[in-house]
Amino acid sequence: MKKLSYKLFICFITGLLGGILIGCTMMSALVSYRIDLYHEEIMYLKNVIADNDVKYKKLKESFDNVNKKKFLVSDIEAHLIYMDDEESNFDKLELEKYIKDKYKDLLWKEVRSVDMDLVVGLLDDDIFIIEGKSYKLKVSRVLISDVFKIWVTVKKN
């Protein structure tokens, strides 16, 4: 009888430890998934804040120097067209940030004063590297109005 109770005790302890390990593993997987979602949202919000700070500074400078009757570029939009499979959201955010940083000097400039050849040449045939992955960027279309829109074809090298 003593042997049987000893075996049952060992079985109970083994089951308890196994359950604890499986529960901790499941909880860890759930928490890491949520952390990844929050990290992605934080990156997006940091990009939005950085864009708004640049817009605010340029707007403040332009109102000090520019006549109010001129047609000015007030925003930059980057549209990515992937030639390969869709990339991760982190890569997409980094590419959009890179493109917006390239063209941030266009903010609050007069539309008539923007040279299209220079604008296209700034990013055309550029190679961008993120975490060991390289992307070739090719400008497909550009539209300049109060919002500067650029369509960039992204091909993984």
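Rounded if a/c is under 1.5, else prolate if a/b beats b/c, else oblate: with a ≥ b ≥ c from the C-alpha gyration tensor eigenvalues square-rooted, which is the range 32-156? Cα axes put the range 32-156 in the oblate bin. Report the calculated FRET efficiency for residue 71 and residue 136 (r = Cβ-Cβ distance, R0 = 41 Å), to the nearest 0.05. Once rounded, the FRET efficiency stands at 0.80. The alpha carbon centroids of the range 1-54 and the range 103-119 are separated by 50 Å.
With neighbours defined as other Cβ atoms within 10 Å of a residue's Cβ, the residues 123, 143 order from fewest to most as 143, 123. Remark: spin-label model distance residue 147-residue 83 equals 2.7 nm, labels positioned 7 Å along the Cα→Cβ axis. Need one number: % antiparallel among DSSP beta bridges in the range 32-156, to the nearest 5. Roughly 65 percent of the DSSP beta bridges within the range 32-156 come out antiparallel. Mind running the shape call on the range 93-157? Use the C-alpha gyration tensor, a ≥ b ≥ c as the square roots of the eigenvalues: rounded below 1.5 for a/c, prolate if a/b tops b/c, oblate otherwise. Taking the square roots of the gyration eigenvalues as a ≥ b ≥ c, the range 93-157 is prolate.
In percent, rounded to a whole number, the relative contact order of the chain is 24, using alpha-carbon pairs under 8 Å and six or more apart. So what's the angle, to the nearest 10 degrees on a 0 to 90 scale, between helix 2-65 and the longest Cα principal axis of the chain? Taking Cα atoms only, the helix is inclined about 10 degrees.
Among the listed pairs 57/97; 104/155; 58/92; 46/133; 104/156; 55/136, a Cα-Cα separation exceeding 19 Å is found for 104/155; 58/92; 46/133; 104/156; 55/136.
Okay, which of the range 118-133 sit inside 17 Å, backbone N to the point 7 Å along the Cα-Cβ direction of residue 44? From the range 118-133, the list is empty. Here the spin labels are modelled as points 7 Å beyond Cα on the Cα-Cβ line, and at residue 20 and residue 33 they lie 2.5 nm apart. Between exposed GluC sites (Glu not before Pro) in the chain, where DSSP calls loop and at most 12 other Cβ atoms lie within 10 Å, what's the longest gap? Here the longest run is 1-85.
No lab work stands behind these numbers, since they all come straight from the coordinates. Computed from a prediction, not measured in an experiment: that's the story for all the values here. Neighbour counts run over all protein chains shown; Cβ positions are idealised from the backbone, glycine included.
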